[in-house]
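J.: Here it is: the structure, laid out below.
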Amino acid sequence: MIVVLANAQMRNTTNILIFSLAVADMAFIVICVPFAAVVYVTDRWPLGLYVCRIYYYSAYVSVYCSVYTLVLMSLDRFMAVVYPIQCINVRSQRNTTIAVIITWTVVLVTNIPLFVGAVLVRGPPGGGESSCITEYCTYSGLVSIDEQTNIARDNPHGGRMFFLLFFLFGYLFPFIIICLLYIFLILRLRCGPSSKMAHSAESQRSKKRVTHLVVTVVIVFGISWLPIHVIFLTQYFAGDPETPLFRVMQILGNCLAYGNSSINPILYAFLSEKFRTAFLRLICSRKSNQREERLKGKSFDNATAIAM
């Protein structure tokens, strides 16, 4: 994220989209992961209603922004490889920035019900059948509250609808779009560039490198998020198996999903030579500036000592 902001040369269409993905990843890591860790350690929600709303809202906003940024990245690669001449004006920094802003705006607005609907309820952690009664953070559509005891229990119908929609719009539909785009892209690459697509060998290699980077990021996202979606759907459609093994699977599924946001920067570093170069240049530049400041400080001290 800092690399793209600090280097004007890195502000092309692909890196603008990488910046958007990095912001979503950062929000997920900074806001969601620590709060989830607190819940796993304490088995309750000790942070109040307002933080509960921020947690629920931020978690789903960051996931949706990540997956639809990946759709934009795949569409950008498709246009760059399949229609490089026709789409040269469409793939501008301005249009890419507008697409990112629209994506974030739509996601932020459509997820407002999650912020409003997040509630603190009393009941077994996770709304299950445990005899342990505690306060936990959830979405109002996932639970039903007993008016006499004021204790919440799972709402199976609400849970099925919620997590089915999350699976469809937060994973399956965008992933199908991405796969279709890459199928057409790979077919074009195999057929080779036509006369209208005549480019230098270096340009073709550069496009393939960027395409490989985006494909890898997409595959890692798919692998990281599939287990937790399967767990959610199993929990609400097949019944919540209250077994230690399923609990372990839940934890591992969450760790995989959370880990995806940490893996992406590593992928950029290993698979993008330009990213590595810009990152090293940024680090060296900061070290050089610090060295100059120290030298200036010493010169000022010496001058002061002489004057005295």
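The values are calculated or read from the model by the stated rules, or taken from the named source; none is laboratory data. What you are looking at is a predicted structure, and each value in this text was computed from that prediction instead of being measured. Methodologically, a virtual Cβ is constructed for each residue, glycine included, from the backbone with ideal geometry; neighbour enumeration extends over all protein chains shown.
Conditions (1) under 17 Å from TYR139 (Cβ atoms); (2) touching a residue at least 12 places away in the same chain (Cβ under 8 Å); (3) out of contact with any strand residue (DSSP E or B) (no Cβ under 7 Å at 6 or more places or on another chain); (4) surrounded by 21 or more Cβ atoms within 10 Å (Cβ to Cβ), marked per residue:
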residue: PHE28; (1), (2), (3), (4): no, yes, yes, yes
residue: VAL33; (1), (2), (3), (4): no, yes, yes, no
residue: THR42; (1), (2), (3), (4): no, no, yes, no
residue: TRP45; (1), (2), (3), (4): yes, yes, no, yes
residue: CYS52; (1), (2), (3), (4): yes, yes, no, yes
residue: TYR56; (1), (2), (3), (4): yes, yes, no, yes
residue: TYR60; (1), (2), (3), (4): yes, yes, yes, no
residue: VAL63; (1), (2), (3), (4): yes, yes, yes, yes
residue: VAL67; (1), (2), (3), (4): no, yes, yes, yes
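J.: Residue by residue through the stretch 208-233, note down the ones that are modelled with pLDDT under 90 and among the polar types (S, T, N, Q).
T.: THR211, THR216, listed by residue number.
J.: Take the residues in the stretch 91-109 that are of a type in the set (Ser, Thr, Tyr), out of contact with any Ser or Thr (no Cβ under 6 Å at 6 or more places or on another chain) and in contact (Cβ under 8 Å) with a residue 40 or more places away in the chain, then tell me which one is surrounded by the fewest Cβ atoms within 10 Å (Cβ to Cβ). Before you say what the answer is, go through the steps one by one.
T.: Step one: list which residues in the stretch 91-109 are of a type in the set (Ser, Thr, Tyr), which gives 92, 96-97, 103, 105.
Filter again for out of contact with any Ser or Thr (no Cβ under 6 Å at 6 or more places or on another chain), leaving 92, 97, 103, 105.
Filter again for in contact (Cβ under 8 Å) with a residue 40 or more places away in the chain, leaving 92, 97, 103.
Working: SER92: 13, THR97: 16, THR103: 19.
Of everything passing the filter in the stretch 91-109, SER92 is surrounded by the fewest Cβ atoms within 10 Å (Cβ to Cβ).
J.: Of ALA99, ALA37, which residue is out of contact with any Gly (no Cβ under 9 Å at 6 or more places or on another chain), over 30 Å from GLU135 (Cβ atoms) and not hydroxyl-bearing (Ser, Thr, Tyr)?
T.: Details: ALA37 fails: over 30 Å from GLU135 (Cβ atoms).
Unique residue meeting the criteria: ALA99.
J.: Also, I was wondering about something else. Would you be able to say whether some residue in the stretch 176-196 is over 29 Å from VAL67 (Cβ atoms), surrounded by 12 or more Cβ atoms within 10 Å (Cβ to Cβ), over 24 Å from the mean Cα position of the chain (by Cα) and at pLDDT below 80?
T.: Scanning the stretch 176-196, I find at least one residue that is over 29 Å from VAL67 (Cβ atoms), surrounded by 12 or more Cβ atoms within 10 Å (Cβ to Cβ), over 24 Å from the mean Cα position of the chain (by Cα) and at pLDDT below 80, so the answer is yes.
J.: For VAL100, state whether it is closer than 30 Å to TYR182 by Cβ, modelled with pLDDT of 95 or more and touching a helix residue (DSSP H, G or I) at 6+ places or on another chain (Cβ under 7 Å).
T.: yes
J.: If you don't mind, another one. Residues that are within 22 Å of PHE175 (Cα to Cα), aliphatic (A, V, I, L, M) and modelled with pLDDT of 85 or more: list the helices (runs of 4 or more DSSP H) wholly contained in the stretch 1-85 that include at least 1 such residues.
T.: Values: elements: 2-6, 13-27, 33-42, 48-82.
Those helices (runs of 4 or more DSSP H) span 13-27, 48-82.
J.: Out of the stretch 124-143, which residues are at pLDDT 75 or above and assigned to a strand (DSSP E or B)? Break it down stepwise before answering.
T.: Of the stretch 124-143, the ones at pLDDT 75 or above are 137-143.
Correct list: CYS137, THR138, TYR139, VAL143.
J.: Out of (1) of a type outside the set (Ser, Thr, Tyr); (2) at pLDDT below 90; (3) in a helix (DSSP H, G or I), what's the single condition that is false for VAL106?
T.: Of (1) of a type outside the set (Ser, Thr, Tyr); (2) at pLDDT below 90; (3) in a helix (DSSP H, G or I), only one is false for VAL106: (2).
J.: Also: Any idea which of (1) outside any helix (DSSP H, G or I); (2) modelled with pLDDT of 80 or more is the one TYR236 doesn't satisfy?
T.: The one condition TYR236 does not meet is (1).
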